[in-house]
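Have a look at the structure below before the remarks.
The values are calculated or read from the model by the stated rules, or taken from the named source; none is laboratory data. All of these numbers come straight from a predicted model, not from anything done at the bench. Here Cβ is always computed from backbone atoms with ideal geometry, including for glycine, and neighbour counts include all displayed protein chains. Just the protein is used for accessible areas: all its heavy atoms, side chains included, with ligands, DNA and RNA removed. Shrake-Rupley method; radii C 1.70, N 1.55, O 1.52, S 1.80 Å.
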Amino acid sequence: MPSEIERTARAWNAVAERGGKNSGLCWWDAGPEIHKRINRKISGDPTCDYTTYVLKKYLAKRLPVDYCLSLGCGSGSLERSLACQGAFLLCDACDIAESQLVVAKKLAEQEGITNINYYVADVNKITLTACRYDVAWMQGAMHHVKSLEHVCYQIAQALKPEGLLILNEYIGPSRFQFAARQKEVANLCLRLLPARYRAVVQEAAVTQAERSVRRLGVRWFASRLLDKIKDGDLLNTIQRRFRARKSRMLAQAPVKMTCAFPSVRDVIAADPSEAVRSEEIETILSRYFEILETKELGGNILQFLLADIAGNFSRQDEESQALLRMLIQVEETLLSCGEFRSDFAFIVGRTLIKQAAERVGSPD
């Protein structure tokens with residue numbers, strides 16, 4: 001039986017083999033309106049992304065820094081962006097999935113970037129050299145960390161005095177166990193969309209079709225069948241699969257009827273590291289870092305609402321963008337009136353390792 005870390009590595013290796021995260025699957029990749037919204041929330045400028053904002057606000061007089069660190073780097077988009085902005089002389093970047101690093105190295109080589117050191121590592125067990133880095137970055141990776149205390153301590157002691165930790169992160173409910181009200185609103189918003197905008201995009205349909213007995217094995221499917229029975233979701237699952245199969249037979253895109261919120265078993269089956277302790281991130285960060293800035297990014301409705309259909313809103317036509325702006329406005333209004341707490345955040349922390357060591361000590 002593979003260990004949790006082996007299953008996590010396998011899940012992310014599979015992402016790399018499929019060509020990375022598809023723009024049709026993730027809410028933050030749903031097109032220009034989403035990008036503008038996130039940029040505006042962080043920097044106040046819809047054209048200024050968070051890396052540019054950090055470099056201008058916190059590091060302008062220090063660029064390029066000597067060393068930076070990227071944990072859970074995936075296919076390396078963050079490091080390549082920083083390298084192109086002249087952000088560092090050298091960067092260490094690691095990930096649990098070797099296939100992701102193969103992609104990262106290849107893309108860096110294609111862009112002529114030679115000052116990034118990629119290596120395989122389990123962040124949960126990582127030991128970092130003390131006082132080595134000027135800045136540590138984690139882009140959507142901290143919510144995959146189970147040993148939060150260990151990792152925060154390691155980063156804090158590895159940063160130079162006044163060193164910074166930059167997070168762009170999911171901080172919502174662990175294992176995506178949202179409140180009933182949040183699920184209800186997401187499904188109500190889905191029903192507002194015309195059917196043509198609820199059509200599952202091709203990339204998502206292909207991914208769903210790949211989840212076959214032949215590919216994943218009878219044992220895996222037997223385990224998932226038992227999970228669905230325990231969760232009381234077997235009938236809904238059968239109906240979703242039937243609709244998807246019928247659509248494939250008719251050469252039509254299946255239409256998304258409901259937002260599929262996962263059970264804890266669903267999340268663990270897909271990736272044991274997914275959102276493992278996400279709702280604790282802010283609390284634990286504050287033990288090891290002085291939080292200089294937090295910007296709430298939302299995502300409470302859009303993340304699961306736009307899953308599998310986000311590609312329908314990536315076009316520049318006014319109709320799709322008007323509908324996307326409508327969804328964004330619903331989420332913004334409910335966040336601003338306190339109905340929900342943001343599920344995603346941009347966070348800047350400054351190391352407090354001496355104070356943290358005195359207060360809580362090393363978690364090891």
Measure out, as a whole number of angstrom, how far apart the alpha-carbon centroids of region 27-91 and region 115-137 sit. 18
Roll a 1.4 angstrom probe over the protein heavy atoms and tell me the percent of accessible area of region 41-94 that is carbon or sulfur. 53
Under a 1.4 Å probe, counting only protein heavy atoms, LEU323 has an accessible area in Å², nearest 10, of 30
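Give me the percent of the accessible area of region 262-323 that comes from carbon and sulfur atoms, probe 1.4 Å, all protein chains in place. Intermediate results must be reported in sequence, preceding the final value.
Details: 1070 of 2260 Å².
Carbon and sulfur: 47 percent of the exposed surface of region 262-323.
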Got a number for the accessible area of ARG37? Probe 1.4 Å, square angstrom, nearest 10. 10
Long-range HN-HN contacts of VAL255 with modeled amide H, under 5 Å: VAL200
Each residue of region 268-275 in order: what ³J(HN,Hα) in whole Hz does its phi give by Karplus 6.51 cos²θ - 1.76 cosθ + 1.60, θ = phi - 60°, with x for Gly and Pro? 5, 5, 6, 6, x, 8, 5, 6
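Of all the accessible heavy-atom surface of region 97-153, with the other protein chains kept in place and a 1.4 Å probe, what percent is carbon and sulfur?
Working: 1300 of 2680 Å².
Carbon and sulfur together cover 49 percent of it.
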Whole-Hz couplings from phi, Karplus 6.51/-1.76/1.60, listed for region 326-343; x for Gly and Pro: 4, 5, 4, 5, 4, 5, 4, 5, 5, 5, 5, 8, x, 5, 10, 9, 4, 8
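Using only the heavy atoms of the protein chains and a 1.4 Å probe, how would MET138, MET326, MET257 rank by accessible area, largest first?
On the way: MET138 5, MET326 70, MET257 100 Å².
Largest to smallest exposure gives the sequence MET257, MET326, MET138.
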Rounded, prolate or oblate, given the Cα gyration tensor of region 114-158, with a/c below 1.5 counting as rounded? oblate
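Over region 52-186, average the accessible area per residue using a 1.4 Å probe and give it in Å², no decimals. Present the calculation step by step, with values, prior to reporting the outcome.
Working: 5450 Å² over 135 residues.
For region 52-186, the per-residue accessible area is 40 Å².
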Other-chain or far-sequence residues with amide H under 5 Å of PHE88's (modelled H): VAL65
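When only the heavy atoms of the protein chains count and the probe is 1.4 Å, how do SER336, SER99 rank by accessible area, highest first? Before the final figure, lay out the partial values.
Details: SER336 100, SER99 35 Å².
Descending order: SER336, SER99.
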As a test of reading the structure, rank ILE38, ILE171 by solvent-accessible area (1.4 Å probe, protein chains only), most first. ILE38, ILE171
Step through the residues of region 185-197 one at a time and calculate ³J(HN,Hα) from phi using the Karplus curve (6.51 cos²θ - 1.76 cosθ + 1.60, θ = phi - 60°), rounding each to whole Hz and writing x for Gly and Pro. 5, 4, 5, 5, 5, 4, 5, 6, 7, x, 4, 5, 8
Would you kindly find the accessible area of LYS105, with a 1.4 Å probe and non-protein molecules such as ligands, DNA and RNA excluded, rounding to the nearest 10 Å²? 110
Inter-label distance for LYS183 and GLU290, nm, one decimal - labels placed 7 Å from Cα along Cα-to-Cβ: 4.3
For GLY298, enumerate residues with amide H under 5 Å from its amide H, sequence gap 5+ or separate chain, H modeled in the peptide plane. ASP343, PHE344
